[in-house]
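The values are calculated or read from the model by the stated rules, or taken from the named source; none is laboratory data. No experiment lies behind these values; they were computed from the predicted model shown. Here the Cβ is made from the backbone with ideal geometry for all residues, glycine too, and neighbour counts use every protein chain on show.
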Amino acid sequence: MLDLKRLHLLHELHRRGTVGAVADALSYSPSTVSQQLQVLQREAGTPLFEPAGRRVRLTDAALVLVEHAETLLTAVERAEADLAAAAAGAVQGIVRVGSFQTASLHLLLPAIVALRDSHPGVEVRLVEAEPAPALDALRSHQVDLVLADEWSGDPRPRLQGLDREDLFEEPVHVALAAEQAPTGTLHLETLRDAPWATGEAGGSMEALVRRVCYQHGGFEPRVRHHTNELSMLLALAAHGEAATLLPAIALYGAPDSVAARPIAGADLSRTVFTAARTGSDRRPALAAVRAALRTAAAVTPALPTT
């Protein structure tokens, strides 16, 4: 009989391409992954792998198993969710949530506090991660729910097998030192010679800054600083060391020395959403966390009211 955990490894190998990448993603050693895949090949009774340089290529038989593995993993998760829903007693269980910094602070933490009263049997475990790796971890069953975002003009792909639910859309403004900020909207070309700060190099925030500066200011920004720490981005702006782009929720509670200005001629926004594997929120504990996040998003003072 084929082992589901080994099928999961095969599924991940198909997604990631190398044994090393599978091992890194699932916190195994490469030798353990290789051994388990060899056991799966013996169980299957037919070759699943063939050499391709330093990599391995999946055979046609392996690709058949990959397709079934995805179906089986989804079916098992749904069965576990339905079993939890049918069980008598209070809603309980562990929910691992992958989330980025501002969403953790303004959405997940209030949701956790609220769940202590409404569903004390639910234990939320935060796994801090930027959206792209968090969504990847969700597909690999390393987390159960993800808080992620996407910037206007750069939508994230809708991934098969994941259920997405948008929580809110918020404006994105230029953040800079208050003493350097104009009144009203900001014409971006005035920051042509300014240094800029963004998130991690090559990340979605840096891509947004470069795209917006080019489209609305006609220049390539001088990106001097890269940091995912919100407090550092705000400090750089407050001291006149860099301009940056930040959404409304990230500017909540910013010091008076930081000013936020909309860009003339631009309508920039960010959408924050939750994602879970399709069918998994039939599990009561996960459904409770998702509902608490909806409530937190609806009442947070960090967002502008309309």
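Being touching a Gly at 6+ places or on another chain (Cβ under 9 Å) and assigned by TED's automatic domain parsing to the domain that holds Asp136 is a description that does not apply to Leu208.
Restricting the range 254-294 to residues that are out of contact with any strand residue (DSSP E or B) (no Cβ under 6 Å at 6 or more places or on another chain), over 27 Å from Pro133 (Cβ atoms) and not aliphatic (A, V, I, L, M) leaves a set whose member that is surrounded by the most Cβ atoms within 10 Å (Cβ to Cβ) is Pro284.
Of all residues in the range 99-127 being of a type in the set (Ser, Thr, Tyr) and assigned to a helix (DSSP H, G or I), which is surrounded by the most Cβ atoms within 10 Å (Cβ to Cβ)? Step through it out loud before you land on a result.
The initial filter retains those residues of the range 99-127 that are of a type in the set (Ser, Thr, Tyr), namely 99, 102, 104, 118.
Checking the rest, the ones that are also assigned to a helix (DSSP H, G or I) come to 102, 104, 118.
Numbers: Thr102: 20, Ser104: 18, Ser118: 13.
By that ranking, first place goes to Thr102.
Within the option set Glu206, Glu165, being of a type outside the set (A, V, I, L, M, F, W, C), assigned to a strand (DSSP E or B) and either touching a strand residue (DSSP E or B) at 6+ places or on another chain (Cβ under 6 Å) or surrounded by 14 or more Cβ atoms within 10 Å (Cβ to Cβ) (or both) holds for one residue only, Glu165. Close Cβ contacts (under 8 Å, 6 or more residues apart or on different chains) running from residues in the range 26-40 that are assigned by TED's automatic domain parsing to the domain that holds Pro51 to residues that are of a type in the set (S, T, N, Q) and outside any helix (DSSP H, G or I) comprise Leu26/Ser140; Leu26/Gln142.
Only helices (runs of 4 or more DSSP H) whose full extent lies in the range 1-72 are considered here, and the ones with at least 2 residues that are more than 28 Å from the chain's Cα centre (by Cα) and more than 20 Å from Leu135 (Cα to Cα) are 30-44. Taking each residue of the range 172-186 that is in a helix (DSSP H, G or I) and looking for partners that are among the charged types (D, E, K, R) and surrounded by fewer than 17 Cβ atoms within 10 Å (Cβ to Cβ) with beta-carbon atoms closer than 8 Å, six or more apart or interchain, yields Ala178/Asp256. Among helices (runs of 4 or more DSSP H) entirely within the range 215-306, having at least 3 residues that are within 24 Å of Gly153 (Cβ to Cβ) singles out 230-238, 248-251. Answer yes or no as to whether Ala264 is among the small types (Gly, Ala, Ser), free of Cβ contacts under 8 Å to residues at least 12 places away in the same chain and farther than 22 Å from Pro301 by Cβ. Spelling it out, it is not the case that Ala264 is among the small types (Gly, Ala, Ser), free of Cβ contacts under 8 Å to residues at least 12 places away in the same chain and farther than 22 Å from Pro301 by Cβ.
In the set (1) closer than 30 Å to Tyr214 by Cβ; (2) at pLDDT 95 or above; (3) not assigned by TED's automatic domain parsing to the domain that holds Glu206, Pro155 fails one condition alone, (2).
Residues are listed down the side, and each one gets a yes or a no for (1) over 30 Å from Glu123 (Cα atoms); (2) of a type in the set (Gly, Ala, Ser); (3) out of contact with any Pro (no Cβ under 9 Å at 6 or more places or on another chain):
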residue: His226; (1), (2), (3): yes, no, yes
residue: Met232; (1), (2), (3): yes, no, yes
residue: Ala242; (1), (2), (3): yes, yes, no
residue: Ala250; (1), (2), (3): no, yes, yes
residue: Ser257; (1), (2), (3): yes, yes, yes
residue: Ala264; (1), (2), (3): yes, yes, yes
residue: Thr278; (1), (2), (3): no, no, yes
